[in-house]
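The values are calculated or read from the model by the stated rules, or taken from the named source; none is laboratory data. Keep in mind it's a predicted model, so treat the numbers as computed, not measured. Reconstructed Cβ throughout: ideal geometry from the backbone, glycine too, with neighbour counts over all protein chains shown. SASA here: full protein model, heavy atoms, side chains in, ligands and nucleic acids out. Shrake-Rupley method; radii C 1.70, N 1.55, O 1.52, S 1.80 Å.
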Amino acid sequence: MTQLPDNHSTSGNRLLQGGLIVDGTGNPAFPGNLLIRNGQLQIMAPEAKIPNADVIDCRGKVIAPGFIDVHSHMDYFAIGDAPEQFDPFVAQGITSMVVGNCGFSPFGFKCDSPHHHLIENSLFKAGHGAIDWSSFTGYRQQLQDRGIRPNVLSLVGHGACRTSLSGFSATPLPDSDHQQMLGLLDEAMEQGAAGVSLGLQYKPGVFASRQELIDVARLVQHRDRILTVHAKAYSVLSGTYPMNPLGKAHNLRAIDEMLDLARETGVKLQFSHLIFVGKKTWPTLHQALDKFDRAIADGVDVKFDMFPYPFGATLLNTLLPEWVMSGMPDILHQRLPMLRLRLEALLGFRAVGLDYACIQISEPGCQQYQRYTGLSLAQIARKVGRSPFAVMLDLLDKSNAEARMIMHRYYDPEVIPHLMQHPAAMFMTDSWPEPSGIENAASFGSFPRFLQIARNTGCLSLEDIIARMTGDAAKRFGFTDRGLIKDGLHADICVFDWHKIQDNSSASNSTAAPTGIEQVYINGVPVVTNSTRKNVPLSGEFLVANH
């Protein structure tokens, strides 16, 4: 791993004294002192005296590597004008992020594309200004010039690349565009992207053929990088497949397709946010995990990531079947297709175990519905005197399909500790700041909540959960000089109180700061001290995968 910029400076020597060191390997914790000098780590003997060092009393506290968020979308916000939007993530102990997920990335696309406006106006358009570059190198230069809060390692988005060539067209890519797409993705990895991400429930990834995905996976495998995937379905019935209530559960079909892709190509696969949307999907949990277990036993290099909440944020249009997305926006005004969609929605919600009360509008994306921000589609429907289905269509139409939601019933909450225990599970936020509307609690409390669940349920030991958040994550994504407490590594550190760590977010206050995070250092620079995060330094580095 090469770090940029190479002229990064740190401020002073600090001795973290008398803490319980959990080094990120999974090995037993041990009491000790940790020196941060010139941005690097050194484990010190208890009797060692360090002249001219600030001594920080860590008795009764855990000293751990900084947490690595393996699935983030903060790459767009890193090129915005509000770096303080990273502060809630840093305040929960996150020092590094893997960005460029779900097929989205602010680089890796065709220069001078006629579809550039679609890339700029993505789900994350409010997080940045004009994107006047197209390459990984151009993006890297932006971050070097601006500075960033945490460390960032980026994937290149297949969706962004494909959009630059054919927009949101549902037709197969012509061979010339297909080859150009592979060339652009390869160029991004050559320049330092950590791998490729797929977003198969979003336009245009939802339209990709199996051969297209095979070719992308083979390209990633050839580069010895990682392929991450937002799969085509996360519920027993999904519009991204033909509606057949008697066939294989769609979420299991989507898992099989991605595991088969990994078997056929040998690619290292990261299955993004393994969720089970709707009560009728929850019983498929054990079948899904069995599929991962069998694949791993067969030698497939696969893991999945998860967040610790029974809800998550996404676009309202992810509810739509592929045949509707391919006809947007005109199809929303066509009577017969909308009658068909209404029937499919009625049957689909019943089959999945969802209803319109589960769909909370976090940001309507249009002025007409701003007053209803934070309400469910069912609540809005009652207020405006229309059906929830009609409200959904109107929101999609007036927001240009950009309305955002928090979808509930992602998990049975009782299953979260069970998922956390699985050896393939990794931890993340999958969150971003909303410029207006309702914030996702994951931006403020994910990692404290993981720790809190592990402590309260005993599903993972302190050493094991820290290893998942740090050393295991670093190894998985190629952070060769971070994620562990080891002499000479970069000083990304989180000091917290294991007995008091707590996520304080709630339905009425999703932005509450956590309890128990006391010190956070990024490259040796203190960014959180005694749970304060004012004037957080831009101490992060842009990380480039090895060539």
Query raised in the report: Taking a probe of 1.4 Å, how large is the accessible area per residue of the chain, in Å²?
Result: 37 Å²
Query raised in the report: Hey, what D do you get for the chain in µm²/s if you plug the Kirkwood alpha-carbon radius into Stokes-Einstein at 25 °C and 0.890 mPa s?
Result: 104 µm²/s
Query raised in the report: To the nearest 10 square angstrom, how much accessible area does Cys102 have with a 1.4 angstrom probe?
Result: 10 Å²
Requested in this report: Quick one: grab the alpha carbon gyration tensor of segment 266-307, order the square roots of its eigenvalues as a ≥ b ≥ c, and give me rounded if a/c is under 1.5, else prolate or oblate depending on whether a/b is larger than b/c.
Outcome: oblate
Requested in this report: State the Cα centre-to-centre distance between segment 267-332 and segment 17-64 in whole Å.
Outcome: 40 Å
Report summary line: Whole-percent carbon and sulfur contribution to the accessible surface of the chain (1.4 Å, no ligands, DNA or RNA) stands at 48 percent
**Report entry** Reach of Lys61 by Cα under 13 Å, taken over aspartates and glutamates that are not fewer than 8 positions away in the same chain
**Finding:** Asp497, Glu518
Report summary line: The farthest towards the positive end of the charge dipole of the chain, of the residues Gln452, Asn13, Phe124, given +1 on Cβ of Lys and Arg and -1 on Cβ of Asp and Glu, is Gln452
Requested in this report: Please list, or write none, the aspartates and glutamates whose alpha carbon is within less than 17 Å of the alpha carbon of Lys291, excluding same-chain residues fewer than 8 places away.
Outcome: Asp256, Glu257, Asp260, Glu264, Asp301, Asp305
**Report entry** Karplus-derived 3J(HN,Hα), 6.51/-1.76/1.60, for each residue of segment 230-239, Hz, glycine and proline x
**Finding:** 7, 6, 6, 8, 10, 9, 5, 9, 9, x
Report summary line: To the nearest 20 debye, segment 352-401 has a Cα-centred charge dipole, built from +1 on Lys and Arg Cβ and -1 on Asp and Glu Cβ, of 200 debye
Query raised in the report: What is the Cα centroid distance between segment 207-264 and segment 68-84, reported in whole angstrom?
Result: 27 Å
Query raised in the report: Nearest 0.05, what FRET efficiency do Ala82 and Asp54 give at R0 = 41 Å with Cβ-Cβ as r?
Result: 0.85
Report task. May I ask which residue of Met325, Val544, Val229 lies farthest towards the positive end of the charge dipole of the chain, with charges of +1 (Lys, Arg) and -1 (Asp, Glu) on Cβ and the Cα centre as origin? Result -> Met325
Report summary line: P(r) of segment 355-477 over all Cα-Cα pairs, 5 Å bins starting at 0, rounded to whole percent, reads 2, 10, 17, 17, 12, 11, 11, 9, 7, 3, 0
Query - Heavy-atom SASA rank of His286, His490 (probe 1.4 Å, accessible area, largest first) - result: His286, His490
Report summary line: Cα extents of segment 139-287 per principal axis, largest first, Å, are 52, 39, 28
Query - Point-charge dipole on Cβ atoms (K/R +1, D/E -1) for the chain, about Cα centre, debye to 20 - result: 1280 debye
Query raised in the report: What shape does segment 444-547 have by the C-alpha gyration tensor, where a ≥ b ≥ c are the square roots of the eigenvalues, rounded means a/c under 1.5, and otherwise prolate means a/b greater than b/c and oblate the rest?
Result: oblate
Report task. Once you have a ≥ b ≥ c as the square roots of the Cα gyration tensor eigenvalues for segment 149-196, tell me rounded if a/c is under 1.5, and otherwise prolate or oblate according to whether a/b is larger than b/c. Result -> oblate
Requested in this report: Mind jotting down the distance between the C-alpha centroids of segment 466-538 and segment 120-162, whole Å?
Outcome: 24 Å
Query raised in the report: Over 21 Å between Cα atoms, which of Lys268/Lys475; Lys279/Lys398; Lys203/Lys279; Lys279/Lys383; Lys125/Lys383 qualify?
Result: Lys279/Lys398; Lys203/Lys279; Lys279/Lys383; Lys125/Lys383
Query - Theoretical gain in end-to-end length, Lys500 to Leu339 [0.36 nm per residue, Cα-Cα removed] - result: 52.7 nm
Query - Helix-only [θ]222 nm of the chain, DSSP H runs n ≥ 4, -39500 (n - 2.57) each, per residue, nearest 500 - result: -9000 deg cm²/dmol
Query - Dipole magnitude of segment 157-223, debye to nearest 20 (Cβ charges: Lys/Arg +1, Asp/Glu -1, about Cα centre) - result: 240 debye
